[in-house]
1. Among the numbered criteria (1) surrounded by fewer than 19 Cβ atoms within 10 Å (Cβ to Cβ); (2) within 26 Å of Ser34 (Cβ to Cβ), which single criterion is violated by Cys112?
2. Which of the residues that make up region 66-89 are within 18 Å of Pro23 (Cβ to Cβ) and buried (at least 22 other Cβ atoms within 10 Å of the Cβ)?
3. Looking at region 43-50, can you tell me whether even one residue there is aliphatic (A, V, I, L, M) and buried (at least 18 other Cβ atoms within 10 Å of the Cβ)?
4. Can you confirm whether region 76-87 contains a residue that is among the polar types (S, T, N, Q), in contact with a strand residue (DSSP E or B) (Cβ under 6 Å, 6 or more places away or on another chain) and not in a loop (DSSP other than H, G, I, E, B)?
5. Would you confirm whether or not region 76-90 contains a residue that is at pLDDT 95 or above and touching a Lys or Arg at 6+ places or on another chain (Cβ under 6 Å)?
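The values are calculated or read from the model by the stated rules, or taken from the named source; none is laboratory data. All values derive from a computational prediction rather than experimental measurement. Cβ atoms come from the backbone with ideal geometry, glycine included; neighbour counts cover every protein chain shown.
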Amino acid sequence: MWSSRALVSAALVATVAANYTLPSGFDINQVDLSERGSWCTAERNTCPKICGGIASSNSCDPQSLSFSCVCDNGTTANVEPYMQTVPYFVCQKTYGQCITRHPDDLEGQEKCKASAKSCGTLNATETSSSSSSSATGSSTASATLATTTQAGDSSATASSTGSATTTTNAAALMVQEHSTSLFAAGLFFALRYVL
């Protein structure tokens, strides 16, 4: 029983890693192993957040940048739309490498910028619901969210998460401003009382 679990788990990791391939313009050799290690750390930290808190498979190899992110419910998380994931870092680095390859070529740099627009923009939180793709999907299909239903769910999640974050940030800012004012007023009255 135990060996069959290990075999299924290994097959699942291999399948998940096969879903994402490094883009053709990306040169992994131009990225230090320590930087790739930090990308893997971020990937492993972000995966459970994308899965809503628990991931049953969560690994990343800094040598090859192959990774696995499988949620506790068995679905393969689509990490590409999210920041702080291997696809996000690879996309950002690919943009930089592309600009370097086109130093005096405005048209080439514009193509680089257009490609960079596909880099992840969502911020994973502990309450994120997982966007999953099929185990046989290609990286292109998973980047564009394979079905209309998933795309609708993702954009609804992204907009509600975005407004919740904005509201939380605004509330935190307001509390911070008011507490500073109250502290200053308290000091003023204490100073006035002493004098």
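1. For Cys112, the failing item is (1).
2. Residues satisfying the conditions are Phe67, Asn78, Val79, Glu80, Pro81, Tyr82, Thr85, Val86, Pro87, Tyr88, Phe89.
3. For region 43-50, residues aliphatic (A, V, I, L, M) and buried (at least 18 other Cβ atoms within 10 Å of the Cβ): present.
4. yes
5. No, every residue in region 76-90 fails to be at pLDDT 95 or above and touching a Lys or Arg at 6+ places or on another chain (Cβ under 6 Å).
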